[in-house]
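Engineer: Let me give you the structure first, and then I'll get to my questions.
The values are calculated or read from the model by the stated rules, or taken from the named source; none is laboratory data. Since this is a predicted model, take the numbers as computed values, not measurements. Cβ: placed from backbone, ideal geometry, glycine included. Neighbour counts: every protein chain shown.
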Amino acid sequence: MKMSAALMMATIGSLSLPAMAGYGTPSEGWGFVQDDWQVVCDNTHTCRVAGYSSDASIDKPASVLFTVSPKITTPKAQIQLASKASKDKAELWLNNKNYGVLQPNKEDSLLYDLSAEQTQALLDHARVATKIEIRVGDNYWQISDKGMSAVLLKLDDVQGRVGTPIALVSKNNPNRQRPKAALPKPIIKKAFVYSAKDNKTLAPSKLAYFQKNIDKWVDINAEQLIGSKDIMGDCELINPKTETYQRMSEYGSTMLGWDFIPIDDSYTLAAHSCWLGAYNSSNGYWLIDNAKPSKPTLITTAGNDYFDGEISAIHKDRGIGDCWNRTAWTWNGEIFAKSKESSTGMCRGFAGGAWDLPTYVSQVIGNNAKAQ
């Protein structure tokens, strides 16, 4: 899930759009990033555009988020402040012109909902130099306009809006696209699993059998475990040949053994520590079919925890604030299917990140539930 700065994006030449010298792709990690803005799109074609304070004004962080559903003319927009100095009403100012009072969010005192008119005013300023301010009494917060036009152009392209009346910033482009429709969320039917209160354990004979043979069943020399370019795919602590394994072995670390977790009557989860960093760590998880245990299926090497039929991976990105990446896999009776993948985007002074920006969403239903 980590964003790679090596993924540099070229211009969309076929659309005759201005050059966008950003990096990343909208459907992965932090999405497409240009200066102080980013756009992240999920598997339903819904995209989220976030703009932040520049590094120069990071002592008073503010951020704006556009949530853009396919074919919808006016997106939903919100503004978030990391802190607020007074109880005065917050106002939106663009190039020193007042665009009205922001509506406080009912659930979060630092979050404001923009009206359709305020949202459109922001979009109308996207292609010109704009001073974006939120003023509260004598205090103000500023959101950078650098990168705003580029990420909105990218969004228009991803959702097929270019040259159409519903384009956010590219209505007049001669290369007209066909707007994409929204895709439904995949439905995952969560299957029965042993709960934590069941306190299920493997029979001693089966546990001994698994422990004796697991190192034969798992290819610990596989490239996806050792030597991959992305550390999130490594599992150096599973292979005795690695320096990290040998070093931790010398210290008598307890992280070098296998854990076996019964999922249900037919399947077992095998877990092993993969890597340990200054702020992050990960486990590898393999699914064992009890009837055919010699061919475990690798689920992930970036997991952190298993609970109640879900494997989760949560990792921290370093920044002025600590941002997070999250992935989840849910048991459907046959496999652990990916059920969510998201990040909190660029921190820019927001501890824990300002927004939830998913690249993958689903609807998880129980045995007796119905899809909504």
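Engineer: So which residues in segment 72-88 are in contact (Cβ under 8 Å) with a residue 40 or more places away in the chain and assigned to a strand (DSSP E or B)? Outline the logic, then answer.
Structural biologist: Taking segment 72-88 and keeping what is in contact (Cβ under 8 Å) with a residue 40 or more places away in the chain, we get 72-77, 79-82, 84-86, 88.
Hits for segment 72-88 are Lys76, Ala77, Ile79, Gln80, Leu81.
Engineer: Would you check which residues across segment 61-93 are at pLDDT below 90 and of a type in the set (D, E, K, R) and list them?
Structural biologist: If the condition is that a residue be at pLDDT below 90 and of a type in the set (D, E, K, R), then Lys84, Lys87 are the ones that fit.
Engineer: Next up: Which count do you get for residues in segment 18-55 that are farther than 18 Å from Thr119 by Cα, part of a strand (DSSP E or B) and either under 13 Å from the mean Cα position of the chain (by Cα) or modelled with pLDDT of 95 or more (or both)?
Structural biologist: Number of matching residues: 5.
Engineer: Also: Kindly indicate whether any position in segment 174-181 is farther than 22 Å from Arg48 by Cα and at pLDDT 95 or above. Talk me through it step by step, then tell me what you get.
Structural biologist: So the first thing to find is which residues in segment 174-181 are farther than 22 Å from Arg48 by Cα, and the list is 174-176.
In the following step, the residues that additionally are at pLDDT 95 or above were identified as 176.
Checked segment 174-181: at least one residue is farther than 22 Å from Arg48 by Cα and at pLDDT 95 or above.
Engineer: Among the residues of segment 90-129, how many are loosely packed, with under 14 Cβ neighbours inside 10 Å and out of contact with any Lys or Arg (no Cβ under 6 Å at 6 or more places or on another chain)?
Structural biologist: 12
Engineer: Here's something else I'd like to know. Would you check which residues across segment 248-277 are modelled with pLDDT under 90 and small (Gly, Ala, Ser) and list them?
Structural biologist: Ser249, Gly252, Ser253, Gly257, Gly277, listed by residue number.
Engineer: Still on this model: For segment 278-290, which positions are free of Cβ contacts under 8 Å to residues at least 24 places away in the same chain and in a loop (DSSP other than H, G, I, E, B)? Explain how you work it out, then say what you get.
Structural biologist: Step one: of segment 278-290, the residues free of Cβ contacts under 8 Å to residues at least 24 places away in the same chain are 278, 281, 283, 289.
Across segment 278-290, the qualifying residue is only Ala278.
Engineer: Could you list, in sequence order, all residues of segment 329-367 that are aliphatic (A, V, I, L, M), buried (at least 17 other Cβ atoms within 10 Å of the Cβ) and within 20 Å of Lys185 (Cα to Cα)?
Structural biologist: Looking only at segment 329-367, we keep the residues that are aliphatic (A, V, I, L, M), and these are 335, 337, 346, 351, 354, 357, 361, 364-365.
Still in the running and buried (at least 17 other Cβ atoms within 10 Å of the Cβ): 337, 346, 354, 357, 364.
Once the filter is applied, which keeps residues that are aliphatic (A, V, I, L, M), buried (at least 17 other Cβ atoms within 10 Å of the Cβ) and within 20 Å of Lys185 (Cα to Cα), segment 329-367 yields Ala337, Leu357, Val364.
Engineer: Given the residues Gly349, Gly333, which is the only one that is at pLDDT below 95 and either under 25 Å from Phe210 (Cβ atoms) or in a loop (DSSP other than H, G, I, E, B) (or both)? Give the steps one after another, and end with the answer.
Structural biologist: Working: Gly333 fails: at pLDDT below 95.
Being at pLDDT below 95 and either under 25 Å from Phe210 (Cβ atoms) or in a loop (DSSP other than H, G, I, E, B) (or both) holds for just one of Gly349, Gly333, which is Gly349.
Engineer: Taking Lys292 as meeting all but one of (1) closer than 28 Å to Met255 by Cα; (2) crowded, with 17+ Cβ neighbours inside 10 Å; (3) of a type in the set (Lys, Arg), write down the number of the exception.
Structural biologist: For Lys292, the exception is condition (2).
Engineer: While we're on this one: Here is a list: Val136, Val151. Which entry is touching a strand residue (DSSP E or B) at 6+ places or on another chain (Cβ under 8 Å), β-branched (Val, Ile, Thr) and crowded, with 21+ Cβ neighbours inside 10 Å? Break it down into steps so the answer makes sense when it comes.
Structural biologist: Working: Val136 fails: crowded, with 21+ Cβ neighbours inside 10 Å.
So the residue among Val136, Val151 that is touching a strand residue (DSSP E or B) at 6+ places or on another chain (Cβ under 8 Å), β-branched (Val, Ile, Thr) and crowded, with 21+ Cβ neighbours inside 10 Å is Val151.
Engineer: Shifting gears a bit: Pull up segment 195-205, narrow it to residues that are more than 13 Å from Glu310 (Cβ to Cβ) and among the hydroxyl-bearing types (Ser, Thr, Tyr), then point me to the one that is modelled with the highest pLDDT.
Structural biologist: Looking at residues that are more than 13 Å from Glu310 (Cβ to Cβ) and among the hydroxyl-bearing types (Ser, Thr, Tyr), I get Ser205.
Engineer: Which numbered condition in (1) under 30 Å from Ala191 (Cβ atoms); (2) aliphatic (A, V, I, L, M); (3) touching a helix residue (DSSP H, G or I) at 6+ places or on another chain (Cβ under 9 Å) is the only one that Leu256 fails?
Structural biologist: (1)
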